[in-house]
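One structure below.
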């Protein structure tokens, strides 16, 4: 968590979310205007079709925007793991993630906690909406980080 703060992850993701939301609103209004003006032939481009189209476009584009923001979040998580490994040690970070994985694999874990996407379970499209990469991938990335460091040192 210290690495998240040091890397400015919260600020970065807030800015990304804001920019993406701006595009969602802007594009949905353009789509609504075009549909209302061209397809339904209204003079001003702000008839009932405009509002219906804007609502539908905001829902669809909002879902796509969430996928983009969650992708950024997953990428930042790998960076935070690497920062945590530099601070506490790679093996300690791997052990912490393995412990997390063990805890999330317990059957008594409430479904509400698994909804955060921190658990190792990934299935289909839900993977696109996860804020964290699967724990196995995070552990593998940290193990790979040790191999890269060894190559750089010439071990």
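The fewest-to-most ranking of 125, 102, 13 by surrounding Cβ atoms within 10 Å reads 125, 102, 13.
Here each label is just a point 7 Å from Cα along the line to Cβ, and for residue 63 and residue 104 those points are 2.4 nm apart.
Please state the shape class of the range 50-105: rounded when a/c is under 1.5, otherwise prolate if a/b exceeds b/c and oblate if not, all from the C-alpha gyration tensor. Prolate, since a/c reaches 1.5 and a/b exceeds b/c. Cβ crowding within 10 Å, taken as a proxy for footprinting-reagent exposure, orders 44, 76, 29, 127 from fewest neighbours to most as 44, 127, 29, 76.
A straight chain from residue 23 to residue 2 at 0.36 nm per residue would run longer than the Cα-Cα distance by 4.4 nm.
Read the figures in this text as sums done on the coordinates, not as results from a lab. This one's a predicted model, so the numbers in the text were calculated from it and none came from an experiment. Virtual Cβ from ideal backbone geometry, glycine too; neighbours counted across all protein chains shown.
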